[in-house]
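Written below as C-alpha cells is the structure these notes are about.
The values are calculated or read from the model by the stated rules, or taken from the named source; none is laboratory data. Values in this document were obtained by computation on a predicted structure and should not be read as measured data. Cβ: placed from backbone, ideal geometry, glycine included. Neighbour counts: every protein chain shown. The accessibility values were calculated without ligands, DNA or RNA, using every heavy atom of the protein model including side chains. Shrake-Rupley method; radii C 1.70, N 1.55, O 1.52, S 1.80 Å.
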Amino acid sequence: MKSLLCLITFAALSAGLISAEEEKDPTGKHVNACSIKMKNGGKCDDEGSCPYQITLPPMTIQLPKQLQLLEKTLKEVQSLKEIVNNLKKSCQDCKLQADENPEKETTGVTDGEGQVNQIQDLQSKVKKMSISLKNARTQINNMQDQIERISMNDVDDYIDKKIANLSSTLSNVDMCSSNCQLKEAAPSTLPIVKDCSDYYKMGKRLNSIYQVMPDPKNKTFEVFCNMESMGGGWTVVQTRKDGSISFNRTWDEYKNGFGNLSGEFWLGNDRLHLLSKSRNMILRIELEDFKGVKEYAHYDQFYVANEYLKYKLSVSGYSGTAGDALHFSKQYNHDQKFFTTTDKDNDRYPSGNCGAYYSSGWWFDACMSANLNGKYYEKEYKGVRNGIFWGTWHGVSEENLNSYRQTFKAVRMMIRPKDFS
Ligand SMILES: [Ca+2]
C-alpha cells in the first residue's frame, strides 16, 4: 500500500501536476524519500488488531478515478516531455546552423513550405541582382577606359570641323539673304583664309604679312607669307637671320610668339597648333652657314599638339639635303617630344632642364640632335653647344669637346598644306 502511494505521488510530481516539499538530510542534501509516513497509532487489542496512523503531506491531489487512466496520463506526459526535448534540440541545431552559415535564412521547424520557397526566391533574386550589379560595374569600367582613350584633342578637332561646316553654311545664307533668286550660284566672296596657301590661290604673290584664321573659333592673326620660294604659299613659323632677337624665352613667350614678323620671330606654339590642326601640313627647314652653304630638310608631315598636350611635335617623312637631324638616332629623336622652355621642363633628361642648359625653347629629347632656337652666334664658339644646331650638318660629326662649334647665318621654318599644288 505504501509503495503504491509513493508511486502515485512520484508520478504526479514527474508530471508537474503537484508540488511538494523536498526533504533534506542533516548535511543539506536532497533526499529522495517518500513523504508519506505510516506508523503505529496505539496499542494493539487482544485480537491482534493494531491502530495505524498515516501522515500525508499537506496537499490536495485530484487523482484519476482509475489507475489505468493515471498510467495513460503518465505515458502521455512522458511522450510530451520527449517531444519538448526534441524541439529544444532542433532549435539548438537551427541556431548552430544559422551561426555557421549566416547567408542562409533559417527556416524554423514550424515554418511552412511557402515561407521556405519565398526565402529561396528572394535569395535567388538577390543573387541575380548581384550578378547584374557586377556586370554593370564591368561595363562602367570599360566605358571609363574608352573615355580616357578619347583624347581632348580629338574632341577639339571634331568640334572644330562641325563649327567650320556651320560657318560655311552661315556665310552661304548671308550671301543669299536679300535677293536669292537673282544670285544664282554666286561664287563665295568670303573665302576662308586659313593660311598663306589660300592667299597664294587668290593670286597674292608678294612676300608679306597677311591675316589668317586657321580656326573659326579663334581670332585672326598675322603671319609672314613666303610667296616666292619653292612654289610659294608658305606660312613662315620661325626665322633667324641676324641675332637681333633672343630666343632664350619663357613658356608663355613661346606660347604666344615673340619677335618681329618682318625680322626674327617665333610665330607661337598656339598658332602652330591651330595652323597644323586646320590642314595636313608639310614642314620645310632651310639652313645657311657663314660659308654660304645652304641646305634644306623637308618633312611630309608636321603637327604640333595643343598646350594641354605640351605642344607635342609630330614630324615624319624626311627628304632633303641637310640630313634628318630631327630623327638623328634612337637616342636623339625629336619626334613625339614635348616642348620645353627654361621655366618648363618637359624633356626626357631626368637630371636637368635641356631648355635651360641650351638657352632655348624646343622639343627636346635628352637632350638634342637639333635645336633651331639656340643662341645666334656670328662666329664659331667653344664649350656648351648652345648655338643654333643641326646635328647632320657638314663637319659636325668631326667636332670634339675642344673644337669650334658649327654656327648658322640663317634659319627658316615654314609650313604649307600637303595638298597644295
Ligand atoms: Ca628634364
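General remarks:
- Solvent exposure of segment 244-335 amounts to 42 Å² per residue of accessible area, where only protein heavy atoms count and the probe is 1.4 Å.
- Extension gain for Leu87-Ile140 works out to 14.0 nm (0.36 nm per residue, less the C-alpha to C-alpha distance).
- Length gained when the stretch Lys127-Lys330 is fully extended (0.36 nm per residue, less Cα-Cα span): 67.6 nm
- Within segment 262-344, the percentage of alpha carbon pairs spaced more than 21 angstrom apart rounds to 37%.
- Global geometry of segment 192-248, whether rounded, prolate or oblate, following the gyration tensor of its Cα atoms and the 1.5 cut on a/c: oblate
- Sequence-distant lysines (8 or more away, or on other chains) whose Cα lies within less than 16 Å of Lys95: Lys104
- Distance between the 7 Å Cα→Cβ label points at Ile192 and Asn165: 1.2 nm.
- Spatially proximal lysines relative to Lys310 (Cα-Cα < 19 Å; intrachain offsets below 8 disregarded): Lys255, Lys277, Lys337, Lys344
- For segment 204-293, the gyration tensor built on C-alpha atoms gives an oblate shape. Its axis ratio a/c (a ≥ b ≥ c) is at least 1.5, and a/b is not larger than b/c.
- Centroid-to-centroid separation of segment 193-251 and segment 325-388 [C-alpha atoms, Å]: 25 Å
- Taking a straight line from the alpha carbon of Lys134, these lysines sit under 17 Å away, with near neighbours fewer than eight places off in the same chain left out: Lys125.
- By definition, a body whose alpha carbon gyration tensor gives a ≥ b ≥ c is oblate when a/c is 1.5 or more and a/b is not larger than b/c, and segment 312-421 fits this oblate description.
- Heavy-atom SASA rank of Met38, Met213, Met227 (probe 1.4 Å, accessible area, largest first): Met38, Met213, Met227
- If you sort Thr341, Thr73 by accessible surface, 1.4 Å probe, largest first, the order is Thr73, Thr341.
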